[in-house]
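A short worksheet on the structure shown next.
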Number of protein chains: 2
Amino acid sequence: MTDERPLRTAEIIAVGSELLGSTRLDTNSLFLSERLAGLGIELRTKSVVGDDRAAIRTLFEHALARADVVILTGGLGPTDDDLTRDAVADALALPLEEDAAIVEMIERRFARRGLRMPAVNRKQALVLKGATVLTNPLGTAPGQFLEHLGRVVLLLPGPPRELQAMMDRVVAGPLGARAGHERLLRAVMFVTGRSESHVEELTQPLYSRWRDSEPRIDTTILAGPGHIELHLTMRSEDAERAGEALTQARDQLVAAVGPDVFSLDGRHMEQVVGDMLRERNLTIAVAESCTGGLLMSRLTDVPGSSAYVLGGAVAYSNHAKILLADISPDLLAEHGAVSEAVAVALAEGIRSKTGANIGVGVTGIAGPTGGTPTKPVGTVSIAVVDPNGTARVRTLLFPGGRAQVRFQATQAALDMVRRMVAAT
Amino acid sequence: MTDERPLRTAEIIAVGSELLGSTRLDTNSLFLSERLAGLGIELRTKSVVGDDRAAIRTLFEHALARADVVILTGGLGPTDDDLTRDAVADALALPLEEDAAIVEMIERRFARRGLRMPAVNRKQALVLKGATVLTNPLGTAPGQFLEHLGRVVLLLPGPPRELQAMMDRVVAGPLGARAGHERLLRAVMFVTGRSESHVEELTQPLYSRWRDSEPRIDTTILAGPGHIELHLTMRSEDAERAGEALTQARDQLVAAVGPDVFSLDGRHMEQVVGDMLRERNLTIAVAESCTGGLLMSRLTDVPGSSAYVLGGAVAYSNHAKILLADISPDLLAEHGAVSEAVAVALAEGIRSKTGANIGVGVTGIAGPTGGTPTKPVGTVSIAVVDPNGTARVRTLLFPGGRAQVRFQATQAALDMVRRMVAAT
């Protein structure tokens with residue numbers, strides 16, 4: 001029976017004109033691709049299409065010709081712009097039938113807020129003939145799961161919370177039941193302080209061999225902001241054995257790259273540093289100039305960071321450096337605001353002022369203006385004072401525009417803290 | 001001649017396995033869609049596909065069946081993973097021919113750095129028969145422009161700087177020459193402090209009429225982090241008349257929504273506030289707690305912000321509030337750290353400490369822990385002290401997780417500064 005062929009490939013179609021002109025992060029497809037990988041189903045293509053019935057229909061037809069699973073997200077609301085149901089019905093030549101239970105559920109949802117269901121919401125109760133309704137406890141748009149000629153079509157609402165809860169139930173239920181025994185396993189490592197080509201040079205002799213191994217391991221190198229990611233993936237029916245092989249492979253890469261590897265579990269730098277500080281009962285304070293609060297903001301992005309972050313000063317003007325971080329006017333005059341001496345004084349000043357174990361000082365030129373021949377845009381001096389009061393200081397030159405310089409400077413500062421703490 | 005039919009629709013295909021598993025911002029497609037709109041060409045679909053020759057080929061074939069212009073980005077490098085050229089050649093049944101001028105150019109590029117061109121780079125000199133080569137002064141991957149059966153196929157490199165420079169030349173050159181006289185015009189407005197449905201309620205009676213006007217105006221409402229965007233678009237051959245009609249329509253929306261509209265030109269809140277401060281020669285300083293440096297970081301994201309941002313304190317612990325922002329321990333004990341009294345004291349403290357014209361104080365509970373029945377997670381008190389020393393203070397309750405609470409709190413604080421400065 002063709003229906004019993006395990007599902008191997010998937011495509012995602014996000015519906016919504018507003019998504020075409022947006023730079024917003026696409027968290028839905030990342031979530032869906034991870035859940036699909038967990039079932040051994042590989043995401044081949046993801047697409048975005050506007051609220052145009054014919055365009056959605058054609059895109060869906062083509063996707064269904066290419067992939068075993070097609071997931072459409074969004075376009076399930078009650079308005080005229082919500083066309084996903086209609087477009088899929090057109091493509092599959094299936095009628096839409098009103099589901100009385102959904103109407104009742106939406107009516108109850110409105111009634112709980114003392115409201116009557118607007119007539120337009122009836123549209124959300126239209127179900128593709130033969131589809132399983134996926135109830136939505138978090139919103140009015142139900143999802144739909146349909147098996148069609150051996151393929152699976154999944155309609156999910158766009159809001160991430162609603163989509164995620166529904167997808168998890170589908171994975172545990174009808175989608176999981178149709179998946180094969182193969183699983184897609186992944187391992188990641190994050191590296192900082194090296195270029196992509198340098199990381200490739202160190203690791204390529206290792207991973208190039210794994211492409212022909214059995215089972216095969218695929219490696220992707222990806223340059224993120226302030227770090228390089230290595231992704232290892234492997235397809236196998238024996239999850240335990242594959243997991244071991246993958247860990248072994250990853251450990252060989254770690255050995256080749258060395259202490260520039262800062263994360264093996266997807267944690268970002270601020271989380272890695274935060275966990276190290278918390279484990280060791282250390283506190284930190286920051287005085288930053290060119291990074292303008294971004295270093296503190298990254299440190300405090302981490303839930304629970306109030307346990308180890310005491311506070312910080314953003315000393316943008318010279319006057320503020322003197323007032324907020326106790327920098328002496330003479331030092332500023334002698335060395336200039338962007339100097340290793342001032343970086344150290346910022347770190348020492350904020351450390352003694354707050355009583356933190358660790359002080360960090362950052363000063364530099366983020367651009368686009370303010371550069372000089374000897375200190376061009378991108379020049380940043382970073383100092384870290386350790387719990388014994390010993391200072392380390394570096395001056396780096398970062399490429400890119402203002403945002404890149406600022407981010408890389410915070411990444412380098414956090415990495416200096418990481419190495420210092422690891423060494424103590 | 002079919003070749004002379006003006007181009008109306010476009011699709012973008014981004015090639016790269018790393019893009020499928022990434023949450024990185026897709027700035028390329030936004031840039032391309034704007035340039036296309038400038039030529040009256042509407043972006044219908046954007047897709048991402050992995051480095052798989054057959055998958056790229058099929059996706060490209062389907063896109064070419066749907067759209068007048070297909071732009072493929074990425075996959076033009078020298079390695080085995082770079083398959084865009086091959087996949088397009090497969091689909092169009094066109095041979096790839098080595099271009100001697102490109103080989104020479106890449107050789108010169110390497111020679112300038114004292115290197116010999118690696119043999120693999122020859123691959124980058126392979127050109128689709130009949131295509132125009134688009135030179136790449138910023139990298140080794142040239143682009144290609146091909147007219148095929150009345151359609152246009154464009155191969156562009158993935159790195160944004162390289163892609164943008166090349167696209168601008170294509171728009172001014174062969175792509176612009178094939179576009180029609182119609183242009184797609186846009187107007188935007190950003191609103192803060194209101195929900196999406198509230199903005200819709202105020203504006204829907206206006207924009208619903210424009211759908212049937214001639215020329216028709218389309219309106220999209222889009223909820224961004226901390227703000228609502230209204231996008232108006234119009235297609236017309238008479239750019240001047242259409243621009244006037246669009247401005248008129250936008251002004252009606254502005255009148256309906258009122259002073260919650262903070263931007264009509266795409267500038268974000270930190271830029272709007274920064275420009276207002278700069279124009280009025282005002283300086284600002286910030287003492288923030290739960291936002292942990294994010295408010296300062298947003299203010300200093302703006303190039304040239306050192307002209308009006310003096311400095312800030314991130315007073316995460318009570319101890320730091322006392323030390324960095326001169327908050328009295330008695331006040332903290334009496335009102336609690338999250339209170340309007342402490343918000344005002346933070347704003348006053350940092351203002352007098354730095355000598356800034358405007359002081360801002362933020363204190364609250366970002367979560368996920370720390371909430372109480374009377375002050376749940378999301379409670380934030382924000383104070384702004386104006387150049388006369390008068391304080392305004394508000395306490396707000398923001399929905400969402402830690403990151404959402406933090407961002408919305410900075411948005412509300414910047415908006416309070418905006419309204420205060422506008423009123424003076």
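The set of residues from the stretch B:314-364 being surrounded by 20 or more Cβ atoms within 10 Å (Cβ to Cβ), outside any helix (DSSP H, G or I) and within 10 Å of chain A (Cβ to nearest Cβ) comprises B:Val314, B:Ala315, B:Tyr316, B:Ser317, B:Ala356. Among residues of the stretch A:70-81 that are over 22 Å from A:Leu7 (Cβ atoms), those with a Cβ under 8 angstrom from a residue that is acidic (Asp, Glu) and open to solvent by 10 Å² or more (accessible area, probe 1.4 Å), sequence gap 6+ or separate chain, pair up as A:Gly75/A:Asp51; A:Gly75/A:Asp81; A:Gly75/A:Asp82; A:Leu76/A:Asp82; A:Asp81/A:Asp51. In the stretch B:149-163, the qualifying residues are those that are surrounded by fewer than 19 Cβ atoms within 10 Å (Cβ to Cβ) and out of contact with any helix residue (DSSP H, G or I) (no Cβ under 6 Å at 6 or more places or on another chain), and the one that is modelled with the highest pLDDT is B:Leu149.
Residue count for the stretch B:134-169 satisfying the condition of being over 20 Å from B:Ile13 (Cβ atoms) and β-branched (Val, Ile, Thr): 2.
For the stretch A:295-309, how many residues meet the condition of being open to solvent by 10 Å² or more (accessible area, probe 1.4 Å) and either in a loop (DSSP other than H, G, I, E, B) or of a type in the set (A, V, I, L, M) (or both)?
Of the residues in that region, 4 qualify.
If you go through the stretch B:29-45 and pick out every residue that is at the interface with chain A (Cβ under 10 Å from one of its Cβ atoms), part of a helix (DSSP H, G or I) and either out of contact with any helix residue (DSSP H, G or I) (no Cβ under 7 Å at 6 or more places or on another chain) or buried (at least 19 other Cβ atoms within 10 Å of the Cβ) (or both), you end up with 5. Listed conditions (1) touching a residue at least 12 places away in the same chain (Cβ under 8 Å); (2) within 14 Å of chain A (Cβ to nearest Cβ) are all met by B:Thr369, apart from (1). Going by the conditions given, is B:Ala63 at pLDDT 90 or above and part of a helix (DSSP H, G or I)? When the stated conditions are applied, B:Ala63 passes them. Just one residue in the set A:Arg161, A:Arg178, A:Arg194, A:Arg151 is without any contact (Cβ under 8 Å) to a residue 40 or more places away in the chain and either of a type in the set (Ser, Thr, Tyr) or farther than 20 Å from B:Leu20 by Cα (or both); that residue is A:Arg161.
Residues of the stretch B:243-270 that are crowded, with 17+ Cβ neighbours inside 10 Å and more than 26 Å from B:Ser213 (Cα to Cα): B:Asp260, B:Phe262, B:His268, B:Met269, B:Glu270.
Please work out which residue is least open to solvent (accessible area, probe 1.4 Å), limiting yourself to the stretch B:195-236 and to residues that are among the charged types (D, E, K, R) and assigned to a loop (DSSP other than H, G, I, E, B). For the stretch B:195-236, the residue satisfying everything is B:Arg211.
Take the conditions (1) open to solvent by 60 Å² or more (accessible area, probe 1.4 Å); (2) farther than 30 Å from A:Val254 by Cα; A:Ala131 misses just one of them, which is (1). Could you check the stretch B:367-382 and list, in sequence order, the residues that are in a loop (DSSP other than H, G, I, E, B) and open to solvent by 10 Å² or more (accessible area, probe 1.4 Å)? Once the filter is applied, which keeps residues that are in a loop (DSSP other than H, G, I, E, B) and open to solvent by 10 Å² or more (accessible area, probe 1.4 Å), the stretch B:367-382 yields B:Pro368, B:Thr369, B:Gly370, B:Gly371, B:Thr372, B:Pro373, B:Thr374, B:Lys375, B:Pro376, B:Val377.
The lone criterion from (1) within 14 Å of chain A (Cβ to nearest Cβ); (2) open to solvent by less than 20 Å² (accessible area, probe 1.4 Å); (3) under 30 Å from A:His231 (Cβ atoms) left unmet by B:Leu76 is number (1).
Per the listing A:Val15, A:Val48, A:Val69, the residue uniquely buried (at least 23 other Cβ atoms within 10 Å of the Cβ), within 18 Å of A:Gly158 (Cα to Cα) and more than 14 Å from chain B (Cβ to nearest Cβ) is A:Val69.
Checked across the stretch B:95-102, the condition of being more than 26 Å from A:His227 (Cα to Cα) and within 11 Å of another protein chain (Cβ to nearest Cβ) holds for no residue.
Taking the conditions (1) away from chain B (no Cβ under 14 Å); (2) within 18 Å of A:Val384 (Cα to Cα); (3) within 25 Å of the chain's Cα centre (by Cα); (4) among the polar types (S, T, N, Q) in turn, A:Thr291 satisfies each one other than (1).
The values are calculated or read from the model by the stated rules, or taken from the named source; none is laboratory data. Owing to the predicted nature of the structure, the values given are computational and were not obtained by experimental measurement. Virtual Cβ from ideal backbone geometry, glycine too; neighbours counted across all protein chains shown. To get the accessible areas, we keep the full protein, side chains included, count just its heavy atoms, and leave off ligands, DNA and RNA. Shrake-Rupley method; radii C 1.70, N 1.55, O 1.52, S 1.80 Å.
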